[in-house]
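The values are calculated or read from the model by the stated rules, or taken from the named source; none is laboratory data. Predicted model only: the values in this text are computed from it and were never measured. Ideal geometry is used to build each Cβ from the backbone, glycine not excepted, and the neighbour counts take in all protein chains shown. Side chains are part of the model used for accessible areas, which takes the heavy atoms of the whole protein and leaves out ligands, DNA and RNA. Shrake-Rupley method; radii C 1.70, N 1.55, O 1.52, S 1.80 Å.
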Amino acid sequence: MERPVTLQRKSFRILSLVIPSVILLFILWVALGSKREIDGDALAVMAAGFALISLVRRIWCSRVVMTSNGIQVVNPLITHSIPVGVAARAERTQGGTLVIVTTSGEEVRSVGFGGSLIDSFVGSAERGAQRVEAHIRSGRRSSKIDVLSKRITTDVVSDVCLLASFVCAVTAAAVGV
């Protein structure tokens with residue numbers, strides 16, 4: 001079995017590591033800078049910081065993963081699993097977004113390759129569409145009935161930060177902001 005191929009903008013890879021790290025350092029600075037007693041304002045800032053990390057990670061960890069028998073489009077909230085037998089084609093829309101069209105006509109858009117001004121010069125969505133299209137053409141068609149499936153996207157870092165945000169917010173509310 002061949003290894004999965006992950007398509008993700010290089011800027012997304014870098015930003016998904018750098019920006020949360022900077023925010024986490026700020027959260028630590030706030031936590032260490034607060035007085036000895038529990039500070040509701042500091043907890044509120046920490047809650048906002050953890051929520052921001054969660055949001056940033058969800059957006060910038062968007063990607064397209066191609067395996068031997070399918071394509072996964074990992075978006076911030078929903079992950080679409082598309083068997084190769086269901087994928088009809090991949091294209092770049094006029095707005096610059098990578099879209100995989102199924103045999104039933106359903107369009108699955110990739111947030112990771114959404115249209116942007118920079119992409120109009122760099123062309124990462126176009127290159128991504130070409131790679132996905134080549135994968136679709138070379139893919140094995142299954143004899144069984146293939147079904148497009150959706151599930152909630154999970155990201156351990158994002159989910160833990162969202163939980164930490166909730167805990168900080170509840171504690172800040174209990175202490176009094």
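Return the only residue of 81, 21, 54, 62 being buried (at least 17 other Cβ atoms within 10 Å of the Cβ), of a type outside the set (A, V, I, L, M, F, W, C) and over 29 Å from residue 2 (Cβ atoms). Residue meeting the stated conditions: 54. Note on region 1-36: residues that are farther than 25 Å from residue 98 by Cα, outside any loop (DSSP other than H, G, I, E, B) and in contact (Cβ under 8 Å) with a residue 40 or more places away in the chain total 1.
Hey, among the residues in region 149-175 that are over 14 Å from the mean Cα position of the chain (by Cα) and open to solvent by less than 40 Å² (accessible area, probe 1.4 Å), which one's nearest to residue 38 (Cα to Cα)? Outline the logic, then answer.
Step one: of region 149-175, the residues over 14 Å from the mean Cα position of the chain (by Cα) are 149-150, 160-175.
Applying the additional criterion that residues be open to solvent by less than 40 Å² (accessible area, probe 1.4 Å) yields 161, 164-165, 168, 172.
On the way: 161: 20, 164: 16, 165: 16, 168: 11, 172: 9 Å.
My answer is 172.
Within region 109-137, track down each residue that is open to solvent by 90 Å² or more (accessible area, probe 1.4 Å) and over 13 Å from residue 11 (Cβ atoms). Listed by number, the residues that qualify are 109, 127, 130, 131, 137. In region 104-127, the residues that are assigned to a strand (DSSP E or B) reach residues that are β-branched (Val, Ile, Thr) with C-beta atoms within less than 6 angstrom, at least six apart or across chains, in these pairs: 107/99; 107/101; 108/73; 108/100; 109/97; 109/99.
Please verify whether region 138-146 includes one or more residues that are of a type in the set (Ser, Thr, Tyr) and in contact with a Gly (Cβ under 7 Å, 6 or more places away or on another chain). Walk me through it before giving the result.
Taking region 138-146 and keeping what is of a type in the set (Ser, Thr, Tyr), we get 138, 142-143.
Keeping just the survivors that are in contact with a Gly (Cβ under 7 Å, 6 or more places away or on another chain) gives 142.
There is at least one residue in region 138-146 that is of a type in the set (Ser, Thr, Tyr) and in contact with a Gly (Cβ under 7 Å, 6 or more places away or on another chain).
Evaluated against (1) open to solvent by 40 Å² or more (accessible area, probe 1.4 Å); (2) out of contact with any Ser or Thr (no Cβ under 8 Å at 6 or more places or on another chain); (3) over 25 Å from residue 23 (Cα atoms); (4) free of Cβ contacts under 8 Å to residues at least 24 places away in the same chain, residue 72 falls short on exactly one condition, (2).
For region 116-135, taking the residues that are touching a helix residue (DSSP H, G or I) at 6+ places or on another chain (Cβ under 7 Å) and of a type in the set (Gly, Ala, Ser), the one that is modelled with the highest pLDDT is identified as 128. Applying the set (1) under 15 Å from residue 125 (Cβ atoms); (2) open to solvent by 40 Å² or more (accessible area, probe 1.4 Å); (3) at pLDDT 90 or above to residue 29 leaves exactly one unmet item: (1).
Restricting attention to region 5-18 and to residues that are exposed (fewer than 15 other Cβ atoms within 10 Å of the Cβ) and at pLDDT below 90, the residue that is farthest from residue 169 (Cα to Cα) turns out to be 10.
Taking the listed residues 62, 68, 54, the one that is modelled with pLDDT under 90 and of a type in the set (Ser, Thr, Tyr) is 68, with no other qualifying.
Mind checking which strands (runs of 3 or more DSSP E) fall wholly inside region 43-88 and carry at least 3 residues that are more than 14 Å from residue 149 (Cβ to Cβ)? Full working, then the answer.
Values: elements: 63-67, 70-74, 78-83.
By residue number, 63-67.
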